[in-house]
Amino acid sequence: QVQLVESGGGLVQAGGSLRLSCAASGSHFSINTMGWYRQAPGKQRELVAAITSGGTTNYADSVKGRFAISRDNAKKMVYLQMNSLKPEDTAVYYCAGGSYNCRFRGQCDYWGQGTQVTVSS
């Protein structure tokens with residue numbers, strides 16, 4: 001099976017930046033879609049960003065222009081660069097992978113354990 005492990009979360013002031021990393025193992029990293037989802041306290045899980053094996057990206061409207069997703073297939077890594085962070089970005093961020101439905105609806109085959117991102121005002 002595929003294992004995904006996130007890192008890079010932490011506490012940051014509003015307006016600051018964080019870079020999340022996701023390391024994949026147990027595959028050739030040929031999963032069609034890799035993505036980042038988040039879940040804030042009292043909220044449902046939502047898409048943050050996704051990227052296909054060919055490099056096509058999509059983002060939630062709330063993060064477009066502030067966040068950037070990328071992947072390095074040779075290193076089996078996925079990244080999420082988060083800039084201009086806001087308190088409403090506070091959530092547990094999950095790395096995920098799967099097929100087409102993982103791009104938007106959270107129907108992913110593989111999930112990481114999550115990493116906490118807290119943005120203070």
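The values are calculated or read from the model by the stated rules, or taken from the named source; none is laboratory data. This one's a predicted model, so the numbers in the text were calculated from it and none came from an experiment. Every residue, glycine as well, gets a Cβ built from its backbone with ideal geometry; the counts of neighbours run over all protein chains shown. Heads up: the accessible areas ignore ligands, DNA and RNA and are worked out on the full protein's heavy atoms, side chains in. Shrake-Rupley method; radii C 1.70, N 1.55, O 1.52, S 1.80 Å.
Here is how the numbers come out for the structure above:
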quantity	calculated
Members of segment 6-33 found to be among the aliphatic types (A, V, I, L, M) and touching a Cys at 6+ places or on another chain (Cβ under 7 Å), listed by number	none
Close pairs (6 angstrom Cβ cut-off, 6 or more residues apart or separate chains): over 21 Å from Val119 (Cα atoms) and touching a residue at least 40 places away in the same chain (Cβ under 8 Å) in segment 1-25, of a type in the set (S, T, N, Q) and open to solvent by 60 Å² or more (accessible area, probe 1.4 Å) anywhere	Ser25/Gln3
Qualifying position, being modelled with pLDDT under 95 and within 21 Å of Phe104 (Cβ to Cβ), among Thr33, Thr57	Thr33
Complete set of residues in segment 103-121 that are part of a loop (DSSP other than H, G, I, E, B), crowded, with 18+ Cβ neighbours inside 10 Å and either touching a helix residue (DSSP H, G or I) at 6+ places or on another chain (Cβ under 7 Å) or hydrophobic (A, V, I, L, M, F, W, C) (or both)	Cys108
Total residues in segment 34-66, condition in contact with an Asp or Glu (Cβ under 9 Å, 6 or more places away or on another chain) and not hydrophobic (A, V, I, L, M, F, W, C)	5
Close pairs from segment 57-82: first at positive phi, partner of a type in the set (Val, Ile, Thr), Cβ under 8 Å, at least 6 apart	none
